[in-house]
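J.: Below you will find the structure I want to go over with you.
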Amino acid sequence: MTDEIAAPAKRTFGGKLLIAVPYLWLLIFFLAPFLIVFKISLSQVAIAIPPYIPTFDLAEGWQAFTDNLAELSLENYLWLTEDALYWKSYVSSVIIAGISTMLTLLIGYPIAYGMARSPRAWRPTLLMLVILPFWTSFLIRVYAWIGILKNEGLLNQFLLMLGLIDEPLVILNTNIAVYIGIVYSYLPFLVLPLYASLERLDGSLLEAAEDLGSPPWKAFWQITVPLSLPGVIAGCFLVFIPAVGEFVIPDLLGGSDTLMIGKTLWVEFFNNRDWPVSSAVAVILILILVIPIVLFQNQQQKMSEADG
Amino acid sequence: MAKKSIGPVRREFVPWESPDHPPFIEFRNVTKKFGEFTAVNDLSLKIYEREFFALLGGSGCGKTTLMRMLAGFETPTTGQIFLDGQDMAGIPPYRRPSNMMFQSYALFPHMSVEKNIAFGLKQDKLPAQDIESRVAEMLRLTKLEEFAKRKPHQLSGGQRQRVALARSLAKRPKVLLLDEPLGALDRKLREETQFELMALQEDLEMTFLIVTHDQEEAMTVADRIAVMDKGQLVQVATPAEIYETPNSKFVADFIGDVNLIEAKVVEKSTTGTRLVSVTDGFVIDSEQNTDAGTDETVWYAIRPEKVRIAQGTGEAGAVNQIGGLVWDIAYLGDVSIIHVKVGEDDHDTIRSTFANVSRMVEKPITWDDEVVLTFDRDAGVILRG
Ligand SMILES: Nc1ncnc2c1ncn2[C@@H]1O[C@H](COP(=O)(O)OP(=O)(O)OP(=O)(O)O)[C@@H](O)[C@H]1O
Ligand SMILES: [Mg+2]
């Protein structure tokens, strides 16, 4: 009896190894760098290499280690609360990323829907077209937008030619250019998971809804949208998270008044050479991103349990 | 058709016998092509209000396609479909007074059982109270009360099927289309549900169109049965007529068990037809008049339960009497089916049903016994192909 029950719980060595791989990956490539950054964020600026103290050296012995430990402080985090620049950057980043994510969703949903509804034979080609921009460097594609959006750029030339405007629109170096840049760059990240969930949708569900008296446009909201929600959420996270910390797009397309935490961090790190403060900025950024995701997942779990 | 009563009549309901009775559903020369393939071929059919109509046929013969055209999901390539006197061309599914139970169930995975059932009622903007009571009624009917809050993926196959049934019934449509509604149920629940369906159909005065693979089910529930083959109707008649007077070898073979004997017409008279078995030479005397000419080869179809069996030797040349050896016995409990070898070839057998009325028989019929098969003049039917 005991054997029979215990047996499935025992994992083979190979099974354990398989489960260990993703954890090991996270440990090496996420947790370890995070701890290093976290430690720097507790240090103080110094004119040295690396430009902060204390630095830990295992050769100095236990006494030095504890002395060093005592020198760590939360001072940098305090500093972040004192200077309005930082929290304004955070708020502004979240707002810009949020608006961009919404815009990406508005554009990406019809694209994904159209792809999922297209004849089966076309789908690989359409998928290819969505992924195609990745074949060129991200930096070059963002640079290209400068050529399109600047005052004498392609867009303004085109609109002037059509006579829709009399004077060139000022788009470059504004937040609008940043939105355009983010939407353009991150669109595939939203379209792909969304397409995957829309393509899986069983067409007979829509027929059933129609049969029960729901016209197609209502059935879309009652059936298609709720069933594609996992794809929408995954896609939005994939856009929102990198967009919050985005540096290249606001730097190249945004104006001097475009406030984003990525830019602030860059200035802190490269111009002020203040590694501890920029590390603190990065740690807070991670917390801002991780906490809502964890809360959201908890919520989801509770919801699916409540259903059961 | 012979104008004598065949089988039990469930109720005084025979609108198809009066030519003036307006049909409720009418297919008029409907053809449906998928590319080059013809799924439904020039089919005409009338179904009457409050009729329980069954479509029977092999896999891929076009039953689902026929239903989907009625529900509005497929457009006929040519021909017309009328529902309650109205041409259905161009009317979208959501405005048709029919509901369909899908062969694949098509339950909404993100909604609980009760939400699934309530879906159609909500589209009609019924008061919340009415929706609630109707859903409760449907849950009771399909014995799903304890699963009301579950999602479809938390149900067994049979339970899902019942949800699909409840959802399609909830709106009490004028026409209910049931595509293999009971396939996943166990025998007992299936029989119960069949009777529930019949009672419901009577009570609510709805018209039911049911597709099934199970001919016993079709015989149980339906007022009339249509047997389909390759996109065409082969025979449309009451269950008893289909069983007793099939109009073709296909129908005789498709419905129930049948002995098909190849025979040659030797004599035609006003009182009937005389046939001789092609392979074994025995003589069949039938009261049926046939259009087949003398010397024409026809099929004589006779059900096993209409063939009597007794121990003994047959008289050579006697009419409707065939001697043979017991070749195989299939014991089914209530009856045994006895295969009697009547010719040289091992496969040349005729089946007879033997009712096991007493538990012990002194000298039961057993393997290799010499037996004689007899049947009446009206026991079988002559079929031309
Ligand atoms: N959309 C379609 N495109 C092409 N062929 C189709 C399509 N739908 C059905 N068919 C074909 O039409 C024929 C009839 O299909 P249908 O679904 O009506 O069969 P059925 O009688 O319901 O069979 P079953 O008893 O297996 O459900 C089949 O040969 C099928 O392959
Ligand atoms: Mg079918």
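J.: In the set B:Asp42, B:Asp130, which member is more than 12 Å from chain A (Cβ to nearest Cβ) and closer than 30 Å to B:Lys151 by Cβ?
T.: B:Asp130
J.: Separate question: Working only within the range B:137-148, note down all residues that are of a type in the set (D, E, K, R) and either within 12 Å of chain A (Cβ to nearest Cβ) or in a loop (DSSP other than H, G, I, E, B) (or both).
T.: B:Lys143
J.: Being away from chain A (no Cβ under 11 Å) and either surrounded by 15 or more Cβ atoms within 10 Å (Cβ to Cβ) or aromatic (Phe, Trp, Tyr) (or both) is the filter; apply it to the range B:84-112 and report the residue that is farthest from A:Gly203 (Cα to Cα).
T.: B:Asp84
J.: Would you tally the residues in the range B:277-298 being among the β-branched types (Val, Ile, Thr), surrounded by fewer than 19 Cβ atoms within 10 Å (Cβ to Cβ) and more than 15 Å from B:Ile350 (Cβ to Cβ)?
T.: Start the filter on the range B:277-298 by keeping residues that are among the β-branched types (Val, Ile, Thr), which leaves B:278-279, B:283-284, B:290, B:294, B:297-298.
Then drop every residue that is not surrounded by fewer than 19 Cβ atoms within 10 Å (Cβ to Cβ), which leaves B:278-279, B:283, B:290, B:294, B:297.
Among the residues that remain, those that are also more than 15 Å from B:Ile350 (Cβ to Cβ) are: B:290, B:294, B:297.
Total meeting the criteria: 3.
J.: Looking at the structure I just gave you, is B:Lys115 closer than 25 Å to A:Ser228 by Cβ, at pLDDT 95 or above and either more than 10 Å from chain A (Cβ to nearest Cβ) or under 23 Å from the mean Cα position of the chain (by Cα) (or both)? Steps first, answer last, please.
T.: Working: closer than 25 Å to A:Ser228 by Cβ: yes; at pLDDT 95 or above: yes; either more than 10 Å from chain A (Cβ to nearest Cβ) or under 23 Å from the mean Cα position of the chain (by Cα) (or both): yes.
Yes; evaluated as a whole, the condition is true for this residue.
J.: From the list B:Pro76, B:Pro92, pick out the single residue that is within 26 Å of the chain's Cα centre (by Cα) and at pLDDT 95 or above.
T.: Matching residue, one of B:Pro76, B:Pro92: B:Pro76.
J.: If you scan the range B:149-170, which residues turn out to be within 12 Å of chain A (Cβ to nearest Cβ) and over 23 Å from B:Lys63 (Cβ atoms)?
T.: B:Lys149, B:Arg150, B:Lys151, B:Pro152, B:His153, B:Gln154, B:Ala170
J.: Tell me which helices (runs of 4 or more DSSP H) are completely within the range A:148-224 and hold 2 or more residues being at pLDDT 95 or above and away from chain B (no Cβ under 14 Å), or say none if there are none.
T.: Numbers: elements: A:154-162, A:175-200, A:203-211, A:216-219.
Fully inside the range A:148-224 and qualifying: A:175-200.
J.: If you take the residues in the range B:206-223 that are assigned to a helix (DSSP H, G or I) and among the charged types (D, E, K, R), which one is nearest to B:Phe250 (Cα to Cα)?
T.: By that ranking, first place goes to B:Glu216.
J.: Please enumerate the residues belonging to the range B:49-66 that are in contact with a Phe, Trp or Tyr (Cβ under 6 Å, 6 or more places away or on another chain) and of a type in the set (Asp, Glu).
T.: B:Glu49
J.: Would the range B:86-102 turn up any residue that is among the small types (Gly, Ala, Ser), in contact (Cβ under 8 Å) with a residue 40 or more places away in the chain and farther than 29 Å from A:Pro215 by Cβ?
T.: no
J.: Which of the residues that make up the range A:198-221 are in contact with a Ser or Thr (Cβ under 6 Å, 6 or more places away or on another chain) and buried (at least 20 other Cβ atoms within 10 Å of the Cβ)?
T.: Listed by number, the list holds a single entry, A:Leu198.
J.: For B:Ile225, which of the numbered conditions (1) in the same structural domain as B:His339 (by TED's automatic domain parsing); (2) under 15 Å from the mean Cα position of the chain (by Cα) fails to hold?
T.: Failing condition for B:Ile225: (1).
Residues checked against (1) buried (at least 16 other Cβ atoms within 10 Å of the Cβ); (2) at pLDDT 90 or above; (3) within 22 Å of B:Asn247 (Cβ to Cβ):
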| position | (1), (2), (3) |
| --- | --- |
| B:Tyr300 | yes, yes, yes |
| B:Val319 | no, no, no |
| B:Asp334 | no, no, no |
| B:Met360 | no, no, no |
| B:Arg377 | no, yes, yes |
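J.: Counting residues that are of a type outside the set (Asp, Glu), within 14 Å of chain B (Cβ to nearest Cβ) and surrounded by 13 or more Cβ atoms within 10 Å (Cβ to Cβ), which helices (runs of 4 or more DSSP H) fully inside the range A:241-308 reach at least 3? Give the steps one after another, and end with the answer.
T.: On the way: elements: A:248-253, A:261-266, A:275-307.
Where helices (runs of 4 or more DSSP H) fall fully within the range A:241-308, none carries at least 3 residues being of a type outside the set (Asp, Glu), within 14 Å of chain B (Cβ to nearest Cβ) and surrounded by 13 or more Cβ atoms within 10 Å (Cβ to Cβ).
J.: Follow-up. Could you list, in sequence order, all residues of the range B:55-78 that are more than 13 Å from ligand 1 (Cβ to nearest atom) and buried (at least 23 other Cβ atoms within 10 Å of the Cβ)?
T.: Answer for the range B:55-78, where residues must be more than 13 Å from ligand 1 (Cβ to nearest atom) and buried (at least 23 other Cβ atoms within 10 Å of the Cβ): just B:Gly72.
J.: Can you tell me which residues in the range B:178-214 are under 19 Å from B:Ile47 (Cα atoms), more than 13 Å from ligand 1 (Cβ to nearest atom) and of a type outside the set (A, V, I, L, M, F, W, C)?
T.: B:Gln201, B:Glu202, B:Asp203, B:Glu205, B:Thr207
The values are calculated or read from the model by the stated rules, or taken from the named source; none is laboratory data. Source: prediction; values computed, not measured. Here Cβ is always computed from backbone atoms with ideal geometry, including for glycine, and neighbour counts include all displayed protein chains.
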